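Here is the structure we will look at, set down as structure tokens.
The values are calculated or read from the model by the stated rules, or taken from the named source; none is laboratory data. Keep in mind it's a predicted model, so treat the numbers as computed, not measured. Because the Cβ atoms are built from the backbone with ideal geometry, glycine has one as well, and the counts that use them run over all protein chains shown. Note: accessible area is taken over every heavy atom of the protein model, side chains too, but ligands, DNA and RNA are not part of it. Shrake-Rupley method; radii C 1.70, N 1.55, O 1.52, S 1.80 Å.
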Amino acid sequence: MAYEIDLSGRVALVTGAARGQGAAIVRRLVADGYRVTAGDHLIDELTPTTTEFGDSVLAVELDVTSPEHWQAAVAATVARFGGLNALVNNAGVWAGKRTTTADNFETTWGVNVLAPHLLTHLLAAPLKAAGAPRVVNVVSVQHYKGDIHWDDLQLEKKYTPVLAYRQSKLALTMLT
């Protein structure tokens, strides 16, 4: 038995929407009636072939490692669409070598764990205010093979891309 739910007019913010899975998420949400805020790179991909989206997609600069970008994206979303019903934390990274964010967090940990956690908390009030909020954290089956290195969360002692990625996806799963 299929259920029909009217999602028109709902508003979502999607991180990591430049291509691939994130772009597919945006396309599906818009097709279901959502108005979506996404990174500006996605708009370049959508505009030439999907004019039916019209003004349903708001392009913003959205660096998930920058709280200033989050705040600006939220402000732009609320100003344009009047609220926020859903957050899809899809942005993720698999870093080939150990690097750090501007705030000196190991990049994989910062993008895959800290950014979605902090963004969710930042958006808690607007999400609750809109009613029936939804938060989706996109993880990976790699979390099954992960371990949390409590004595070395930043992996300063022993870094490999796979170790960092698995740890980050396990941590995000635990936070979810």
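Before moving on, here are some points about what is shown:
- Reciprocal of mean inverse Cα separation for the stretch 80-128 (Kirkwood radius, Å): 12.2
- Solvent-accessible area per residue for the chain (1.4 angstrom probe, square angstrom): 54
- Here, P(r) means the percent of Cα pairs in each 5 Å bin from 0 to the largest distance; for the chain it is 1, 8, 17, 20, 18, 14, 10, 6, 3, 1, 0.
- For the stretch 47-139, the fraction of C-alpha pairs more than 16 angstrom apart is 60%.
- Among the trypsin sites (Lys or Arg not before Pro) in the stretch 51-113, those located in a DSSP loop and surrounded by at most 16 other Cβ atoms within 10 Å of their own Cβ are Lys97, Arg98.
- Whole-Å semi-axes of the ellipsoid equivalent to the stretch 89-159 (Cα gyration tensor, √5λ, descending): 27, 14, 10
- For the stretch 55-87 versus the stretch 116-176, the gap between their alpha-carbon centres in whole angstrom: 20
- Label-zone membership for the stretch 115-155, site Trp94, 7 angstrom Cα→C-beta point, backbone N under 15 Å: 139-146
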